[in-house]
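Shown next, in structure tokens, is the structure this report addresses.
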Amino acid sequence: MDELRISNLKPFFLPDTGTAASGSIWFNDVSFRKGTNYLVSASSGRGKSSFLSFVFGERTDYSGNIYFDNREIKTLKKTDWQNVRKVNISYVFQGLRLFSELTTLENIQLKNKITEYKSQKEIDRLIEQSGLQDKRNEKTGRLSFGQQQRIAIIRALCQPFDFILLDEPFSHLDEQNIEIMTGLIIEELKRQNAGMLLCSLGYGYLFDYHETYKI
């Protein structure tokens, strides 16, 4: 997949009187290209998570169109979505969606068993670099939210992708851990020549962005 494109996108929760504004996601035609970093910023409750859920195909409560290359995503079948989420789009959810009764390693391996993308040695390296080696066999439900965020990021890196979606991925991390996790994401983006859509309250963190949009 080389391009994600939206056309006149409007969530149902927005009033019909809305109009296109410069640099805005809603009501505009916007293209996101592979190999390019994008920041989408907005205040809380403006629809950042909704936007990513639309792109990921989890929600359809919007008007307008979303295209993967030239294919409208509402034409995708269940098996198409399974493939898209396995090899084209990775996602760090704001709510993380970890399995609390599984360990750090088990949560990561569960994803990697589907994709077979990382070797165990590579997974071990990511866990160590993230400062989670002493939490490797700890159930994630017992860990802090910041530790869980690091696990969710590692898990998202354990698959091939053309685009990675990041929804407030560092909200509970200190500066040192933000720097570490940013470095791991950048490394994987370069390896896969992938694009990134990061949604935040306005913080750009340590990434270099090619374009910035607002919601």
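The values are calculated or read from the model by the stated rules, or taken from the named source; none is laboratory data. Source: prediction; values computed, not measured. Note: ideal-geometry Cβ built from the backbone for every residue, glycine included; neighbour counts use all protein chains shown.
Things worth noting here:
- Across segment 159-215, the qualifying residues are those that are of a type in the set (Asp, Glu) and part of a loop (DSSP other than H, G, I, E, B), and the one among them that is surrounded by the fewest Cβ atoms within 10 Å (Cβ to Cβ) is Asp208.
- In the set (1) surrounded by 12 or more Cβ atoms within 10 Å (Cβ to Cβ); (2) under 17 Å from the mean Cα position of the chain (by Cα), the condition left unmet by Gly95 is number (1).
- For segment 42-63, filtering for residues that are touching a residue at least 12 places away in the same chain (Cβ under 8 Å) and basic (Lys, Arg) leaves 2.
To keep it simple, each residue is scored yes or no on (1) under 25 Å from Lys111 (Cβ atoms); (2) over 20 Å from the mean Cα position of the chain (by Cα); (3) of a type outside the set (D, E, K, R).
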{"site": "Leu4", "(1), (2), (3)": "yes, no, yes"}
{"site": "Pro11", "(1), (2), (3)": "no, no, yes"}
{"site": "Lys34", "(1), (2), (3)": "yes, no, no"}
{"site": "Tyr38", "(1), (2), (3)": "yes, no, yes"}
{"site": "Ser41", "(1), (2), (3)": "no, no, yes"}
{"site": "Gly45", "(1), (2), (3)": "no, no, yes"}
{"site": "Gly57", "(1), (2), (3)": "yes, no, yes"}
{"site": "Thr79", "(1), (2), (3)": "yes, yes, yes"}
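- Check on Gly195, at pLDDT 95 or above and more than 27 Å from Leu105 (Cβ to Cβ): yes
- Remark: pairs (first residue in segment 184-202, over 18 Å from Ser41 (Cβ atoms) and touching a residue at least 60 places away in the same chain (Cβ under 8 Å); second residue in a loop (DSSP other than H, G, I, E, B) and among the aromatic types (Phe, Trp, Tyr); Cβ separation under 6 Å; 6+ apart in sequence or on different chains) = Ala194/Phe161.
- Pair list, Cβ < 6 Å and 6+ apart or interchain, from segment 88-104 residues that are in contact (Cβ under 8 Å) with a residue 60 or more places away in the chain to residues that are aliphatic (A, V, I, L, M): Asn88/Met1; Ser90/Ala156; Ser90/Ile164; Tyr91/Leu165; Val92/Ala152; Val92/Ile153; Val92/Ala156; Val92/Leu166
- Meets criteria (surrounded by fewer than 17 Cβ atoms within 10 Å (Cβ to Cβ) and among the hydrophobic types (A, V, I, L, M, F, W, C)) for Val30: no
- Matching option when the condition is touching a helix residue (DSSP H, G or I) at 6+ places or on another chain (Cβ under 6 Å) and part of a helix (DSSP H, G or I), among Gln148, Gln94: Gln148
- Any hit, segment 74-82, residues being surrounded by 19 or more Cβ atoms within 10 Å (Cβ to Cβ) and either in contact (Cβ under 8 Å) with a residue 12 or more places away in the chain or under 21 Å from Ile180 (Cα atoms) (or both): no
- Selected residue [hydrophobic (A, V, I, L, M, F, W, C), in contact (Cβ under 8 Å) with a residue 24 or more places away in the chain, within 29 Å of Ile186 (Cβ to Cβ) and assigned to a helix (DSSP H, G or I)] from Ile114, Ile6, Ile66: Ile114
- Filter result for Phe56 (over 30 Å from Gln147 (Cα atoms) and either loosely packed, with under 12 Cβ neighbours inside 10 Å or not β-branched (Val, Ile, Thr) (or both)): no
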